[in-house]
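Working notes, structure below.
Each value in this text was obtained by applying a stated rule to the coordinates, not by laboratory testing. Small disclaimer: the values here were computed from a predicted structure and weren't measured. Note that we place each Cβ from the backbone using ideal geometry, even for glycine, and neighbour counts take in every protein chain shown.
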Amino acid sequence: MNHIYIYIVGAIIFSFIPYIRSITGTIHTLIHESGHAFAALVTSGKVYSISLFANREGVAHTGSRSWLSSMIISYSGYTFASIVSFLSFYLITNEKIIILFYAFVSLALINLLLWVRNIFGVIWISLYLGGCALLIYYQLWFIKEVVVYLLSSVILVQSVFASFAILVLSMKNTPKAGDALLLQKLTYIPSFFWGLLFFSQSLFSTYCIFRFLL
């Protein structure tokens, strides 16, 4: 599995290259916002729309039925990204790459059909699904494998980078602290606690992943 490290290093490098980071990093945004959406559905809430932006930010417009459901929805984005990152590498190490490939395709398709409506989001998902359709049609197994490795690595790297960014913002207690600030308003627990929790989760997920790869 040593070749996986090459993809992880590549994902780190991509995170600092303009335009490329927008193209690759959007998969993490899609995962993050889907986490909010799934949490809303599980707690009997509603999902109105999801927006994905070129700067790798996103917004999930959801409705909740109670204080508890609002808290779960707000908490779920970074948590879902860490869980998906962990599960992705678990499947990779167990040679279930084709399952993971179609899981990513299914998630993108669900978002395109049900939730994503802004221009950048629709174009990004459409291009991704179009590319995957070509890989399926021409049975390009090797390229499917590359896509799975790359997407999984990007999700891993971005889950750590994004949660670290929210930790820093929560320390400053700015309006840009996002989910951490929302949780502070809901629970009266300082946003720093939530930022630290998100970052700790991502590090724990990363630790478990590298245990798989060793």
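General observations
- Semi-axis lengths, largest first, of the ellipsoid equivalent to the chain are 28, 20, 16 Å, with √(5λ) applied to each eigenvalue of the Cα gyration tensor.
- Whole-Hz couplings from phi, Karplus 6.51/-1.76/1.60, listed for segment 58-75; x for Gly and Pro: x, 9, 10, 8, 10, x, 10, 9, 7, 4, 5, 5, 4, 5, 4, 4, 5, 6
- For segment 67-83 versus segment 105-140, the gap between their alpha-carbon centres in whole angstrom: 24
- For segment 134-214, the spread of Cα positions along the three principal axes, ordered from largest to smallest, is 53, 31, 18 Å.
- For segment 184-195, 3J(HN,Hα) per residue [Karplus equation, 6.51 cos²θ - 1.76 cosθ + 1.60, θ = phi - 60°, Hz, x = Gly/Pro]: 5, 5, 7, 10, 6, 8, x, 4, 4, 4, 5, x
- The modelled label-to-label distance for the pair Phe164/Ser49, using points 7 Å beyond Cα in the direction of Cβ, is 3.4 nm.
- Fewest-first ranking of Ser34, Ser126, Ser22, using other Cβ atoms within 10 Å as the exposure measure: Ser126, Ser22, Ser34
- Cut-off under 5 Å, modelled amide H: who pairs with Gly63 long-range: Lys46, Val47, Tyr48
- Its Cα centre serving as origin, the chain has a Cβ charge dipole (Lys and Arg +1, Asp and Glu -1) of approximately 320 debye.
- For segment 19-85, applying the loop criterion from DSSP together with a ceiling of 13 other beta carbons within 10 Å to the chymotrypsin sites (Phe, Trp or Tyr not before Pro) yields Tyr19.
- Listed residues Ser64, Leu129, Pro18: farthest to the positive end of the dipole of the chain (Cβ charges): Ser64
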